[in-house]
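The values are calculated or read from the model by the stated rules, or taken from the named source; none is laboratory data. Computed from a predicted structure; not experimentally measured. When we count neighbours, we look across all protein chains shown, and the Cβ atoms used for this are built from the backbone with ideal geometry, even at glycine. What goes into the accessible areas is simple: the full protein's heavy atoms, side chains included, and nothing from ligands, DNA or RNA. Shrake-Rupley method; radii C 1.70, N 1.55, O 1.52, S 1.80 Å.
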Amino acid sequence: MKVGVIGTGYVGLVLGAGLSETGNHVICGDIDAAKIDMLNAGGIPIWEPGLDQMVQRNRDKGRLRFTTDIPQLVLNSTVVFIAVGTPPQEDGSADLHHVLSCARTIALTMDGYRLIVVKSTVPVGTCDRVRKVVAENTSHPFDVASNPEFLKEGDAVQDMMKPDRIVCGVDSARAREMLEDVYETFMRTGNPILFMDVKSSEMTKYASNAMLATRISFMNEIAALCDVTGADVDHVRRGMGSDPRIGSRFLFAGVGYGGSCFPKDVKALVATGHEHCLPMKILSAVEDVNADQKRLLVDKVVCHFGHDLSGLRLAVWGLAFKPNTDDMREAPSAEVIRGLTALGATIVAYDPVAARTAAQVDCIGANPRVTILTGSAEAALDGADALLLVTEWGEFRNPDFDDVKSRMRQPVVFDGRNIYDSARLRAMGFTYYSVGRP
Ligand SMILES: NC(=O)c1ccc[n+]([C@@H]2O[C@H](COP(=O)([O-])OP(=O)(O)OC[C@H]3O[C@@H](n4cnc5c(N)ncnc54)[C@H](O)[C@@H]3O)[C@@H](O)[C@H]2O)c1
């Protein structure tokens, strides 16, 4: 099949690469000429395990091409996915102008039937708006379908090639058949392709992310209560998670959720509620808890060292919003670093892959109190008054704690992800703080 993908970011690039891997001819388009030049020159703009090889393989075979010429993409595709960004506006609602401008370009260019598939995360009713824009600008037949993306950054290739489920919102048999054709090879393991009406499909994406964010904030609130009562949130998590009605995943307390999806999608759902005079009380609380949680490590550092942190050198391990990605969007590390440097601390930070993207975040890259290291995690510890573990990359899980201690000026560890054994660290002479564990 001839497929076009408009928007070559985390979602569009993974989608384009995955569809070309199964033999489709895919053109990925973007308005960002630097990104397209890099891809055409053999580079890759994001760090995602396994993606560079998959892109290279299909680019070399001529099945995956990149362009800034969106009309050419439309003319050469039967199915056109829209995978552009839908960032939050000031009131929290999703900014749809990229999606709607793509719809207009498609309509003005198409020379026959097209299936237009909205892959971006969009509020309920957006596909109707896309349909209206297209109908106003073309006389050719078309369908609009919703096909939200559920990939997890860091596991995106795996999620693309072996999805848990694929959700498609359609309102015509033709659209359904075409999407079955596109996705048939990905569903051979028996995981479902779920067809439903378009609005339910749009809502399914937001409801899924909102549920996951809710679990995180719920556990963080329980962890705060554990902190003051002496219970251990790790035991509580295991005790709860063994109940199959609850399940064990997404119950980890930590420094709050970040990334390009949860924060913006929770806000957008709250905004949709407002539009319909329906306050989303649970989700507003989820957001509040998360905002506090991102400051938790700052509060713990202040509790230990006092309000004046000047003269202190703090090592930060992990900057990306989660492991296995270089994505810094809404990363808790930025909030932690902003808070600590405002109180006078100097930061030496290390992340295995996110140094470049972190340097583009103002409160990190443009902050004279912050140094980002790329060489080794251990070097960040030299002369440090404390270590703050912010992102649980695999390489931080089992460090040589004798070496860690010998490098530091004061052996104090703030573990924002509960990955270390508190008894072991305390026995070694560390002062150790974690989240919701005594
Ligand atoms: N990143 C994720 O993990 C993830 C997961 C599921 C869903 N989503 C959703 O998918 C959508 C895309 O997210 P992303 O993370 O890939 O965003 P991104 O910012 O990484 O990429 C979006 C791309 O779209 C391009 N673009 C914007 N307007 C354009 C236009 N008019 N024509 C052509 N290109 C245009 C941008 O230049 C950018 O390269 C969002 O709605 C997001 O919520 C993201």
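Projecting each Cα onto the charge dipole of the stretch 346-400 (Lys/Arg +1, Asp/Glu -1 at the beta carbon, about the Cα centre), which of VAL390, ALA366, ILE347 comes out farthest on the positive side?
ALA366
With only alpha-carbon pairs counted, each pair once and no self-pairs, how large is the Kirkwood hydrodynamic radius of the chain in angstroms?
On the way: mean 1/r = 0.0430 Å⁻¹.
Evaluated on the chain, it is 23.3 Å.
Would the stretch 202-263 count as rounded, prolate or oblate if I go by the C-alpha gyration tensor, calling it rounded below 1.5 in a/c and otherwise prolate when a/b exceeds b/c, oblate otherwise? Walk me through the numbers on the way to the answer.
Numbers: a/c = 3.04, a/b = 1.56, b/c = 1.94.
Oblate.
Rg to Rh ratio, the stretch 195-349, alpha-carbon atoms and Kirkwood radius? Working shown, then result.
Working: Rg = 17.7 Å, Rh = 17.3 Å.
That ratio equals 1.02.
Mind scanning LYS2/LYS152; LYS162/LYS294; LYS294/LYS322; LYS281/LYS322; LYS61/LYS322 and naming the pairs with a C-alpha gap bigger than 22 Å? Could the numbers behind the result be given before it?
On the way: LYS2/LYS152 26 Å; LYS162/LYS294 33 Å; LYS294/LYS322 13 Å; LYS281/LYS322 27 Å; LYS61/LYS322 33 Å.
Violating the 22 Å limit, Cα to Cα: LYS2/LYS152; LYS162/LYS294; LYS281/LYS322; LYS61/LYS322.
Rounded to the nearest 500, what is the 222 nm mean residue ellipticity of the chain from helices alone, with -39500 (n - 2.57) per DSSP H run of 4+ residues and division by all residues?
Numbers: 18 runs with 189 residues, N = 438.
When only DSSP H runs of four or more count, the value is -13000 deg cm²/dmol.
Among rounded, prolate and oblate, which fits the stretch 49-148 when a ≥ b ≥ c are the square roots of the eigenvalues of its C-alpha gyration tensor, a/c under 1.5 means rounded, and a/b larger than b/c means prolate?
Here the stretch 49-148 falls in the oblate category.
Share of the stretch 139-224's accessible area from carbon and sulfur, percent, 1.4 Å?
On the way: 2050 of 3860 Å².
Carbon plus sulfur share of accessible area: 53 percent.
Ignoring ligands, DNA and RNA, what accessible area per residue does the chain give at 1.4 Å, in Å²?
Working: 18710 Å² over 438 residues.
For the chain, the solvent-accessible area averages 43 Å² per residue.
Using mean Cβ contacts within 10 Å as the protection proxy, how do 399-405, 102-108, 203-209 order, highest first? Display every interim value, and only then the final one.
Numbers: 399-405: 14.1, 102-108: 21.4, 203-209: 19.7.
Averaged packing, sorted descending, gives the order 102-108, 203-209, 399-405.
Going by a ≥ b ≥ c, the root eigenvalues of the Cα gyration tensor, does the stretch 336-410 fall in the rounded group (a/c under 1.5), the prolate group (a/b larger than b/c) or the oblate group?
Values: a/c = 2.09, a/b = 1.34, b/c = 1.56.
Verdict is oblate for the stretch 336-410.
Sort out for me the Cα centre separation of the stretch 210-252 from the stretch 2-24, rounded to whole Å.
37
Over the stretch 132-191, what relative contact order in percent results from Cα pairs under 8 Å that are six or more residues apart?
On the way: 34 pairs, mean separation 21.4, N = 60.
Worked out over the stretch 132-191, it gives 36 percent.
For the chain, which DSSP H helices look membrane-span-like by this rule: Cα extent along the axis of 27 Å or more and mean Kyte-Doolittle of at least -1.0?
Values: long enough: 198-229 (47 Å, 0.27).
Helices passing the filter in the chain: 198-229.
Could you state how much accessible area CYS226 has, in square angstrom rounded to the nearest 10, with a 1.4 Å probe and all protein chains kept in place?
Near enough 10 Å² of accessible area.
Report, for the chain, the % of DSSP beta bridges that are antiparallel, rounded to 5. Mind showing how you got there, number by number?
Details: 2 of 47 bridges.
Just about 5 percent of them are antiparallel.
So for each of 341-349, 422-430 I average, over its residues, the number of other beta carbons within 10 Å; can you give me the resulting order with the highest mean first?
Values: 341-349: 19.0, 422-430: 13.8.
Peptide ranking by packing, descending: 341-349, 422-430.
At 1.4 Å probe size, with the rest of the protein present, what percent of the exposed accessible area of the stretch 338-438 is carbon and sulfur atoms? Spell out each step's value before the answer.
On the way: 1900 of 4100 Å².
Reported share for carbon and sulfur atoms: 46 percent.
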